[in-house]
Every structure is written in structure tokens, then in C-alpha cells.
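These notes are about the structure you will find just below.
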Amino acid sequence: MGIDMDPKLVEVSQLFERFKAAMIRKDFDTCETLLSQLKVMLTEFKSLPPLFETTPNAVQELTTARDIYEHAVVLSVKIEDQEAFERDFFQLKPYYTDVGGRLPPSPQEYPILGLNLLRLLVQNRIAEFHTELELLSPAALENPCIKHAVELEQSFMEGAYNRVLSARQTVPHETYVYFMDLLAKTVRDEIAGCSEKAYDYLTVNDAKQILLFSSDNELAEYIKEDHPEWEIKNGCVYFQKAKETAPCKEIPSLQLINQTLSYARELERIV
């Protein structure tokens, strides 16, 4: 009872080939349309989660569905849709955790699990990050994709922002670049927020160094896009307008202490 005996599976496979071709062409609108159709078609297979019924083509159906959801996760990164990523990842996850050895391991499993860890880090969902880590096997924790995310989290928590930014150059998978860029922006926004509270002004060179930019143009572009209230004049970056317009907030050092204590409590529960 091969794939040629099941018209539904043949139809899904043919549509999936069209999806992959559109992905190669970077025709993401077509990809989204085909993916919606594929997901509806997959609901007809009882071998898939949550039923996991034993059917004549169960292995082929499970393998095809896992492949489709893996591509869906990658598509969500390419179209920069974090909500779609979360939705597709949770649809994919049972194929990694609940198939009970019915399928050979997927070569995409660790890159995608690492990608999800990176997403949680970008969204500052640290407790969930550590929960996901706990669920991984010792072998998974040794995988470069998982180790990359763990090392990033450690650097982020230590405030070693230069290590966070330099990690973009050594991503273990090309899909990681999107979240690495978001993380870099998060890091710079954190530094920027502290800088404007701590200083009245900085020289352009100091601001460039603190914000981890390599050129004056990168700094100027960042200020124009994200901090138009800052002023560049006479070789300095002035924060006075930002101070005047900012609402009175809790002292950043107290926020940092509270966050650090919260992370410490989380780690104690985990350990």
C-alpha cells in the first residue's frame, strides 16, 4: 500500500511540491495560500495528532505532515510573522515529542527547536525559555543550534551585549538571522534607554561605542529611526529632549535588581 494507492496523500504531496517551488521563488503570498489548503487537507488523515491512529500509510502521512509544518515554521520566519511562528511551531511540536519512534528523526528538528528558543529570548519570555530547555534530551543540549541559543541567553543575562551582537556572525542556521536582528535591536534599545537616563550627552564616538555601531552613519540612522528626540550637534549626542518628554518612571537600577532577583528565583526552581 504505497503512496500511489492513496489519492489523498498523492494530492497533498503534489500541492506540497508547488508550495516548495513557490518558496524557492520567494513567492510568499502563494506559499501562504497553499499552506492554508495543505493544513485543511491534513485534517483528513487520522494517523496525525491528536488521534495517531494506525493506518496503512501512517508513516508516510506523518512524515509528510511533519515536513509541511517544518516548512510552515521557516515560512513564518521569512515573512517575519512571530504569531504564525508560534502557531506553526506548536502544530509541529507533537511530531517531535509524541510520535514514539514511529518516524526517523528529522534533520530540521534541532535547528527549529533552537529557533524557538531564540524567539522566546527575543520576546523576553525567560521562564518559558528554561521550561523548553528542561524538556530537551542531553544529546539535544549538545547540538550547536541549541547551544547557540543557550550561550546567547547567558550573554544576555550577564549584560555581555557585545557577545550577543557578535553572535549574529556565527549563526548555526540561516533562518536565525531574523531573530538575531530583533535581539540586536532589543539590546540596543536597552542600552539606549539606560544611556539617556544616565547621561545628559555623549560624544558621537562614545555613543557609537556604547551602542555597538561601527560607523557614524549607522548611529545617525538608528537615531533618526528610533530616537528622533535625540539631537546630534557639535560632535555630541544630546538626550535632554528625551528626558523632558519621558514620563517619570521607576529607577532603572531598581527595575534591574527586581528582574535579576526574579531570574534567580526562576533558576532556583529549575535547578
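Measure off 7 Å from each Cα along the Cα-to-Cβ vector at Leu261 and Glu128, then give the distance between these two points in nanometres to one decimal.
Once both label points are built, they end up 2.6 nm from each other.
By how many degrees, between 0 and 90 and to the nearest 10, does the Cα long axis of helix 28-42 differ from the longest principal axis of the chain?
That helix lies at roughly 40 degrees to the long axis.
For region 62-158, rounded, prolate or oblate, judged on the Cα gyration tensor with a ≥ b ≥ c (square roots of eigenvalues), a/c < 1.5 rounded, else prolate if a/b > b/c?
Because a/c hits 1.5 or more and a/b fails to exceed b/c, region 62-158 counts as oblate.
How tilted is helix 216-226 with respect to the longest principal axis of the chain? Cα atoms for both, answer in degrees (0 to 90, nearest 10).
70 degrees
Label Val59 and Cys194 with points 7 Å out from Cα along Cα→Cβ: what is the distance between them in nm?
Once both label points are built, they end up 5.4 nm from each other.
Using a 10 Å Cβ count of at most 16 others and DSSP loop calls, identify the longest part of the chain lacking such chymotrypsin sites (Phe, Trp or Tyr not before Pro).
With a cap of 16 other Cβ atoms within 10 Å, the longest stretch comes to 53-198.
Which entries of Lys26/Lys224; Lys26/Lys185; Lys8/Lys39; Lys185/Lys241 have Cα-Cα distances beyond 20 Å here?
Violating the 20 Å Cα-Cα cut-off are Lys26/Lys224; Lys26/Lys185; Lys185/Lys241.
Where in region 63-168 are there GluC sites (Glu not before Pro) that are in a DSSP coil and have at most 15 other Cβ atoms within 10 angstrom of their Cβ?
When the GluC sites (Glu not before Pro) of region 63-168 are filtered for loop state and at most 15 Cβ neighbours within 10 Å, Glu80, Glu142 remain.
Rounded, prolate or oblate for region 5-112? Axes are the square roots of the Cα gyration tensor eigenvalues, ordered a ≥ b ≥ c, and the cut-off for rounded is a/c under 1.5.
oblate
Filter the trypsin sites (Lys or Arg not before Pro) in region 1-104 to those in DSSP coil with at most 14 other Cβ atoms within 10 Å of their Cβ, and list the result.
In loop regions of region 1-104 (DSSP not H, G, I, E or B), the sparsely surrounded trypsin sites (Lys or Arg not before Pro) are Lys26, Lys46, Arg102.
Readers should treat all values here as calculations from the given coordinates under stated rules, not as data from a laboratory. Everything quoted here is computed from the prediction, not taken from an experiment. With ideal geometry, Cβ positions are generated from the backbone for all residues, glycine too; neighbour counts draw on all protein chains shown.
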